[in-house]
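The values are calculated or read from the model by the stated rules, or taken from the named source; none is laboratory data. The structure presented is a predicted model; accordingly, all values stated were derived computationally and were not measured. Heads up, the Cβs are rebuilt from the backbone with ideal geometry, glycines too, and the neighbour counts pull from every protein chain shown. Ligands, DNA and RNA are excluded from the accessible area calculation, which covers all protein heavy atoms including side chains. Shrake-Rupley method; radii C 1.70, N 1.55, O 1.52, S 1.80 Å.
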Amino acid sequence: MVDATFHGTGAATAARVPAVSVEVIAGVAAARAAIDAITPDMIHTGYQHPAMLSAWVGTAGCEPMFLTFSTDGHGPVLLPLELCGNGVAGYCGGRHANGNFPVGRRADIEALARAGEPAIRAALRAADCPAGSIILERQHAVWNGIANPFVFGTSVESPNIALSFAIDSDFDTLLTERGGKNKRKKIRSYRRKLDAIGTVAFHHPVPVADVPAALDRFFAQKAERFRAAGISDVFGDARTQAFFRVLFTEHGPQHELHALTLDDEIIAIAGTTTLDGRMTVEFGTFDVQHAPARPGEQLFFSMIAHACETGATIFDFGIGDERYKRAWCDIETTHYDTTIGLTLPGKVRAAAQTGRSQLVRALKSNERAWALAKRVRKTLAGR
């Protein structure tokens, strides 16, 4: 563990900038102790929830490198990071953590936000972190009404937005407000295609005993979809798969699988995290053999009905802009990426990452350019 404190430079600065201290917590055992110290009164998203962190640390990802930040008169704010072989530290969960925010009590996070970017950056440099750069991706600017201390004036918008909608009525009313007549007509048409083949069933949730087999089915289906699209399989690593097995077998009902089966075989599957009434889709896929029947859309239709019945207040499709999401959603959330270079090579890498984020966002905001990029990627994958 390393502890460093920044008090500002000069009397005038010290008078108006609170001291910020940083403690570096390295290693699995120390990280698990920090996770165990998270109390119910602390603010966090589902991705920094103790269940998510404890499942990730020790099963997937890189070496834990947690940071705690404290300001004068206030308790610690935890930034649960991991350090990878390239010297970059980022949020635990990597590509699977979508919508990040530090962990701490409201007053402590607010105090750190008031200290500001210069004090936080200076304290990090003084702490002698083992990372060359810290790259904080997909961050909420505000969570539970609290500003994120790590969304700086120098932060950039993440390449992808997240789409969601509020649930403030029963399912029938919700449908009426969102073109329900057409949605029901489409779903009935798709359902008839499956009914003509076999017995259809929806599972909310998949029983815990069936989760390992269901995840195996998901990993296989997703790998095939990624190969066809020319995208790297972010679920292909054995340690990442182990993380999801722990998460969905040991941490229900907060983390659940949902499935559509045809003659007891999964043809569409999705995983969700529910926290404080917000049901977030973590992943989903379907069997391309049944693509004409839109099994993914059928499953989401049923999941949304289930969310209404079980008291969810927000249905969050997660990161990614897709037409089927737009058909339901009216809330767009922009996340922010922050890069902090701590060494000269780390500063170069941080600048490159910022440039990449801006380029990808510009590309995705141009519908024609993004469609062309996806076609090229798919063509290259087929070679």
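Using alpha carbon centroids, what distance separates segment 46-60 and segment 184-248, in Å?
One Cα centre to the other: 22 Å.
Starting from one equal scatterer on each C-alpha and no solvent at all, send me the Debye-based log10 I(q)/I(0) for segment 210-297 at q = 0.11 Å⁻¹, two decimals.
Summing over Cα pairs of segment 210-297 leads to -0.30.
Rank-order 32-41, 302-311 by packing density, defined as the average count of other C-beta atoms within 10 Å over each peptide's residues, highest first.
302-311, 32-41
Classify segment 107-159 as rounded, prolate or oblate from the Cα gyration tensor: take a ≥ b ≥ c as the square roots of its eigenvalues, call it rounded if a/c is under 1.5, otherwise prolate when a/b beats b/c and oblate if not.
oblate
Take the Cα pairs of segment 148-258, get the Kirkwood Rh, then feed it into Stokes-Einstein at 4 °C and 1.567 mPa s and tell me D in µm²/s.
In µm²/s, the coefficient is 71.
Mean-square fluctuation check for the chain, GNM, Cα pairs under 10 Å: which of Ala141, Ala31, Ala209 is largest?
Maximum among the listed residues: Ala209.
Give the percent of DSSP beta bridges with both residues in segment 269-327 that are antiparallel, rounded to the nearest 5.
Beta bridges within segment 269-327, antiparallel portion: roughly 70 percent.
Which percent of the accessible heavy-atom area of segment 109-196 goes to carbon and sulfur, probe 1.4 angstrom?
That fraction is 47 percent.
Averaged over every viewing direction, what's the projected area of the C-alpha convex hull for segment 153-204? Give it in nm², one decimal, please.
7.0
Take every Cα-Cα pair in the chain and report what % of them are more than 37 Å apart.
Summing the P(r) tail past 37 Å for the chain gives 24 percent.
Stretched out fully, how many nm does the piece from Ala201 to Arg125 gain, at 0.36 nm a residue minus the Cα gap?
21.8 nm
Work through the residues other than Val28 whose Cβ is under 15 Å from its Cβ and net out their charges, Lys, Arg +1 and Asp, Glu -1.
Neighbour charge sum, excluding Val28 itself: -1.
Going by the alpha-carbon gyration tensor, a ≥ b ≥ c the square roots of its eigenvalues, is segment 52-165 rounded (a/c under 1.5) or, if a/c is not under 1.5, prolate (a/b greater than b/c) versus oblate?
Verdict is rounded for segment 52-165.
Might you list the cysteines of the chain that have no disulfide-compatible partner by the rule of another cysteine's Cβ under 4.7 Å?
Cysteines lacking a close Cβ partner in the chain: Cys92, Cys129, Cys308, Cys329.
Among Leu262, Leu344, Leu247, which one moves the most in a GNM of the chain with springs linking Cα atoms closer than 10 Å?
Fluctuation is largest for Leu344.
Using a/c under 1.5 as the rounded threshold, could you call segment 296-361 rounded, prolate or oblate? The axes a ≥ b ≥ c are square roots of the C-alpha gyration tensor eigenvalues, and prolate needs a/b larger than b/c, oblate otherwise.
prolate
Please give the net charge around Thr273, taking every other residue with its beta carbon less than 10 angstrom from that of Thr273, where Lys and Arg add +1 and Asp and Glu add -1.
Counting the neighbours of Thr273, the net charge comes to -2.
Over all directions, how big on average is the projection of the convex hull of the alpha-carbon atoms in segment 240-344, in square nanometres?
Orientation-averaged projected area of the Cα hull: 10.0 nm².
How charged is the neighbourhood of Lys222? Take every other residue with its Cβ under 15 Å from the Cβ of Lys222, and add Lys/Arg as +1 and Asp/Glu as -1.
With Lys, Arg at +1 and Asp, Glu at -1, the net is -1.
Suppose R0 equals 35 Å; then what is the FRET efficiency for Glu309 and Ala147 from their Cβ-Cβ distance, rounded to the nearest 0.05?
Efficiency, from the Cβ-Cβ distance: 0.50.
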